[in-house]
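One structure is given here, and the rest of the page talks about it.
The values are calculated or read from the model by the stated rules, or taken from the named source; none is laboratory data. Treat the numbers as computed from the prediction; the structure is a model and nothing was measured. When we count neighbours, we look across all protein chains shown, and the Cβ atoms used for this are built from the backbone with ideal geometry, even at glycine. Ligands, DNA and RNA are excluded from the accessible area calculation, which covers all protein heavy atoms including side chains. Shrake-Rupley method; radii C 1.70, N 1.55, O 1.52, S 1.80 Å.
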Amino acid sequence: MGKREDLTGQRFGQLLVIDYAGLDTSRKRALWKCRCDCGNEVVVRKDSLKRGATKSCGCLNRIIQQQFKEKATTHGLSSHRLYRIWLHMKNRCENPKEAGYELYGGRGITVCERWLDFENFAKDMLPSYEKHVALYGEKRTTIDRIDPDGDYEPSNCRWATPQVQANNTRKHKQQRIVAINLKTNEKFYGTSQTMLARRIGIPPYHISAVLKGQRKSCYGYTFRYQGGDTIASKRSG
């Protein structure tokens, strides 16, 4: 087992790491005790801090939600379907209580910083939304990530019909690489070795070596191409 990275004294958004808090028993990931700028203390997983998924004790999200609501109302879009799409997109990535969270935020999908502001999202996506609706109607206009393992950001999003979205998902499923944690059976997916390596926090060349059969194990995971028969195991490290 490698030496644990010490996050004490580091700052992530409004959170200052003050002490190590043990391991998450369900996923065996490091937990850190943090003090928020508002004065509250909270325990957060290391990976949530490092990837920027958790930036406060929750107070920041409440403030931002109110700001978004006010901006949407100011621009006359609070009742527009685009606002509801944006809100569901954000909640799927940030709210563990939201239906479908485990398929989005739960596996590392995030909303880019620019789109945390609804006004920016509307500027980027409203013109193409209206064109798609004119051709296919509202019910057949859904937001689609070109790479289903990528984040919600301008370069990776488009409007698509449910059929196109489903075909896109099937296409990428055939290409995806699966990493399975041998201890917890937790699965992570990526359409490239680089993306998958970033998601689970290991150098990409380890994945390549295992898939090519050059190594039998690395970092406690097994790798395979989705739909393929070859599985190479990896030892905890």
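Checked against (1) modelled with pLDDT under 90; (2) assigned to a strand (DSSP E or B), ARG158 meets all criteria but (1).
If I ask for residues that are surrounded by 14 or more Cβ atoms within 10 Å (Cβ to Cβ) and either in a loop (DSSP other than H, G, I, E, B) or not hydrophobic (A, V, I, L, M, F, W, C) (or both), which ones from region 28-40 would you list? Passing the criteria: ARG29, LYS33, ARG35, ASP37, ASN40.
Based on what the data block shows, is ASP117 in contact with a helix residue (DSSP H, G or I) (Cβ under 9 Å, 6 or more places away or on another chain) and free of Cβ contacts under 8 Å to residues at least 40 places away in the same chain? Answer is no for this residue. Looking across region 43-57, the residues that are free of Cβ contacts under 8 Å to residues at least 40 places away in the same chain and not charged (D, E, K, R) come down to VAL43, VAL44, SER48. Of all residues in region 123-154, those satisfying the criterion of being open to solvent by less than 40 Å² (accessible area, probe 1.4 Å) and modelled with pLDDT of 90 or more are MET125, LEU126, TYR129, HIS132, VAL133, GLY137, THR141, THR142, ILE143, ASP144, ARG145, TYR152. Look at (1) under 15 Å from the mean Cα position of the chain (by Cα); (2) surrounded by 13 or more Cβ atoms within 10 Å (Cβ to Cβ); (3) in contact (Cβ under 8 Å) with a residue 12 or more places away in the chain and you find that LEU82 fails only one, number (1). Checking THR184, THR169 one by one, the residue that is closer than 25 Å to CYS93 by Cβ and in a helix (DSSP H, G or I) is THR169 and no other. Selection of region 170-195 for residues being modelled with pLDDT under 80 and under 15 Å from GLY106 (Cα atoms) yields TYR189, GLY190. May I ask you to verify whether LYS131 is of a type in the set (D, E, K, R) and assigned to a helix (DSSP H, G or I)? Spelling it out, LYS131 is indeed of a type in the set (D, E, K, R) and assigned to a helix (DSSP H, G or I).
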